[in-house]
Amino acid sequence: MKLHEYQSKHIFADYGIPIPDGRIASNSAEAKQIAGELGGHVVIKSQVLVGGRGKAGGIRLAKNPQEAEEIATQILGMEIKGLPVRKVLVDEAASIETEIYLGITNDRADRKPTMMASSAGGVDIEEVAKETPEKIVKVGIDPLLGLRDYQARDLAAGIDLPRAHWRTFGQIASGLWRAYLESDATLAEINPLVITSRGRLLAVDGKMVLDDNALFRHTDLAEMRDLDVEPKAETEARKYSLSFIKLEGQIGCMVNGAGLAMATMDIIKLHGGEPANFLDIGGGASSEKVAAALRIILSDPNVKAVLFNIFGGITRGDEVARGIITALDEVKTDVPMVTRLVGTNAEEGRQILSAANMITAETLVDAAKKAIAAANGGDEE
Ligand code: GDP
Ligand code: MN
């Protein structure tokens, strides 16, 4: 889960990282009001969950409240990379001398969090990594020891930060590490961390990505989720605790078990089809959950056939079959359905489904072939 800039910066501030004074606005009148309170010279920043807002025109300076209002009107009417701007952050403008990059993420190869710093801040760090990798310095953080003071000094030295800033830089690095650790983040990034003309270090931009699997222990952070930026289907899937990922193909898949779901997608591809989604309904799914899953699959207009691949261990075949029937009663559809049902109560399940005119299959290969044929317009191969 990605956090907005203002949310990330609030968390950073809680860990002692200096951020500009600022507030969030949903309309231009609010933006004007805030600009007035902040002394007029402000930066208006679109809050959308994509990078490169600056280049896209979503970050602009205003010299007075009037100008802030005009710019806020324009930015609030924008779409940036397909995302509507619903809110702007109005921050006291910083007079920037130097832009630094400072971030933490997990280094899978190193098997620990790594903190990175670069003197080439403000620009896309991926670009720096590609063009001038020597400008990025890294330290691996032992998760049990945390970030050590000498490591922060190594980073400061590595980016040629003037000595006068080392102490504050160390505090910021340590704050960022603790914010990352205690929020169960997978990314915490300040880009740019600036040195102002008055010689202050200031986190002008902030970005955090949280580990979805750890959100249950951060209910306050989970509430920050912006539903605007994810496909409706994924919001719906989360409501029913379904693991769902939308893909680009034509064959909707409903499977119980993540491994089985992946195997199902592989088989579909092996036989020349393309899955429309990954969906794991989990063990012991109720008919209500199956119905929700089917609604989600069918809400994708690309779906030309649905393949149910259910292995009944804990999940009972008849329960799944009843769920499918319930769902089909609700969601009237002409999309052909192919089922492969094995395991507990499979026979009962199959009877229920053939009575409802669904295509049944004995093996997974058979099911995949039938689903592909159905998606291409024929009933059988
Ligand atoms: P991003 O483009 O989405 O990464 O958004 P940022 O918050 O990083 O802003 C992009 C760029 O705008 C920064 O690298 C700065 O150069 C500039 N910028 C942001 N805030 C200010 C500010 O308060 N004053 C000035 N002069 N420039 C700013
Ligand atoms: Mn940035």
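The values are calculated or read from the model by the stated rules, or taken from the named source; none is laboratory data. All values reported here derive from a predicted model rather than from experimental measurement. For neighbour counting, all protein chains shown are included, and Cβ atoms are generated from backbone atoms with ideal geometry for every residue, glycine included. Just the protein is used for accessible areas: all its heavy atoms, side chains included, with ligands, DNA and RNA removed. Shrake-Rupley method; radii C 1.70, N 1.55, O 1.52, S 1.80 Å.
The table that follows gives values for the structure above.
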read-out: Computed over the chain, the ratio Rg/Rh where both radii use C-alpha atoms and Rh is Kirkwood; value: 1.09
read-out: Where Rh is the Kirkwood radius over Cα pairs, Rg/Rh for the stretch 178-239; value: 1.12
read-out: Prolate/oblate/rounded call for the stretch 1-86, Cα gyration tensor, a/c under 1.5 rounded; value: oblate
read-out: Debye intensity ratio I(q)/I(0), log10, the stretch 62-119, q values 0.15, 0.23, 0.24 Å⁻¹ (C-alpha model); value: -0.76, -0.92, -0.94
read-out: Relative packing of 276-282, 129-135, which averages over residues the other C-beta atoms within 10 Å, highest first; value: 276-282, 129-135
read-out: Net charge, Ala156 excluded, C-beta distance under 11 Å - Lys, Arg +1, Asp, Glu -1; value: 0
read-out: 1.4 Å probe accessible area per residue over the stretch 276-321, in Å²; value: 31 Å²
read-out: Degrees between helix 317-330 axis and first principal axis of the chain (Cα, 0 to 90, nearest 10); value: 80 degrees
read-out: Degrees separating the helix 28-37 axis from the principal Cα axis of the chain, which is the longest one; value: 30 degrees
read-out: Candidates Val204, Val194, Val335: whichever shows maximal mean-square fluctuation once the chain is modelled as a Gaussian network with Cα springs under 10 Å; value: Val335
read-out: Cα gyration tensor category, rounded, prolate or oblate, for the stretch 15-61 with a/c compared to 1.5; value: oblate
read-out: 0 to 90° range, to nearest 10: angle between helix 364-375 axis and the chain longest Cα axis; value: 80 degrees
read-out: Gaussian network model of the chain, Cα within-10 Å springs - most flexible of Lys87, Lys332, Lys138; value: Lys332
read-out: Cα gyration tensor shape for the stretch 287-376, rounded if a/c is under 1.5, else prolate or oblate; value: oblate
read-out: Stokes-Einstein translational diffusion, the stretch 131-189 - Kirkwood Rh over all Cα pairs, 1.306 mPa s, 10 °C, in µm²/s; value: 129 µm²/s
read-out: Qualifying GluC sites (Glu not before Pro) in the stretch 198-242, DSSP loop, other Cβ atoms within 10 Å at most 13; value: Glu223
read-out: Contact order relative to length of the chain, as percent, for alpha carbon pairs under 8 angstrom and 6 or more apart; value: 12 percent
read-out: For the stretch 86-205, accessible area per residue (1.4 Å probe, heavy atoms of protein chains only), Å²; value: 52 Å²
read-out: Rounded percent of accessible protein surface that carbon and sulfur make up, the chain, 1.4 Å probe; value: 49 percent
read-out: Whole-number Å³ per residue for the convex hull built on Cα positions in the stretch 48-189; value: 142 Å³
read-out: Area of Leu227 that stays accessible when all protein chains are in place (1.4 Å probe, Å², to 10); value: 90 Å²
read-out: Candidates Gly122, Gly313, Gly175, ranked by Gaussian network fluctuation over the chain, Cα under 10 Å, top entry; value: Gly313
read-out: The stretch 127-196 versus the stretch 251-327: alpha-carbon centroid distance in Å; value: 44 Å
